[in-house]
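Report on one structure; see the data block that follows.
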Amino acid sequence: MEYVQPPAGTLTTSLAAMSAGVQPATIRDWVRRGILTRCGGTPKRPVYRIDDVKAARAATKPTRPGQRPARAA
């Protein structure tokens, strides 16, 4: 069941992606890589703090040798 409205101060994966200007898969990747942490919800419907999403968006991401440079937004 999708939230009608997530708890105050939090965002669902879809809303976090929209606010950060990325795809939902990127949010899930940030969680997997430890850049962003869940603050509640369920395993299938996590929620994230708004401030944590902003910090993850601004965080320097590790790069790999030969990786293409990020496109300018």
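Would you tally the residues in the range 1-14 being in a helix (DSSP H, G or I) and either of a type in the set (Lys, Arg) or within 14 Å of ALA56 (Cβ to Cβ) (or both)?
Start the filter on the range 1-14 by keeping residues that are in a helix (DSSP H, G or I), which leaves 13-14.
Adding the requirement that they be either of a type in the set (Lys, Arg) or within 14 Å of ALA56 (Cβ to Cβ) (or both) leaves 13.
So the answer is 1.
Quickly run through the range 15-45 and pick out the residues that are part of a loop (DSSP other than H, G, I, E, B) and either touching a strand residue (DSSP E or B) at 6+ places or on another chain (Cβ under 9 Å) or among the aromatic types (Phe, Trp, Tyr) (or both).
To start, the set of residues in the range 15-45 that are part of a loop (DSSP other than H, G, I, E, B) comprises 21-23, 34-39, 42-45.
Across the range 15-45, the qualifying residues are LEU36, THR37, ARG38, CYS39, ARG45.
In the range 8-30, which residue that is surrounded by fewer than 16 Cβ atoms within 10 Å (Cβ to Cβ) and aliphatic (A, V, I, L, M) is nearest to ALA55 (Cα to Cα)? Steps first, please.
Taking the range 8-30 and keeping what is surrounded by fewer than 16 Cβ atoms within 10 Å (Cβ to Cβ), we get 8-9, 14, 18-19, 21, 23-25, 28-29.
In the following step, the residues that additionally are aliphatic (A, V, I, L, M) were identified as 8, 18, 25.
Values: ALA8: 18, MET18: 15, ALA25: 17 Å.
Ranking the candidates gives MET18 first.
Looking at THR37, is it under 14 Å from ALA59 (Cβ atoms), of a type in the set (Ser, Thr, Tyr) and surrounded by fewer than 14 Cβ atoms within 10 Å (Cβ to Cβ)? Break it down stepwise before answering.
On the way: under 14 Å from ALA59 (Cβ atoms): yes; of a type in the set (Ser, Thr, Tyr): yes; surrounded by fewer than 14 Cβ atoms within 10 Å (Cβ to Cβ): yes.
The answer is yes for THR37.
So TYR48 ticks every box in (1) outside any loop (DSSP other than H, G, I, E, B); (2) modelled with pLDDT under 95 but one. Which box is left unticked?
(2)
The values are calculated or read from the model by the stated rules, or taken from the named source; none is laboratory data. Computed from a predicted structure; not experimentally measured. Quick reminder, even Gly has a Cβ in these numbers, built from the backbone with ideal geometry, and neighbours come from all protein chains shown.
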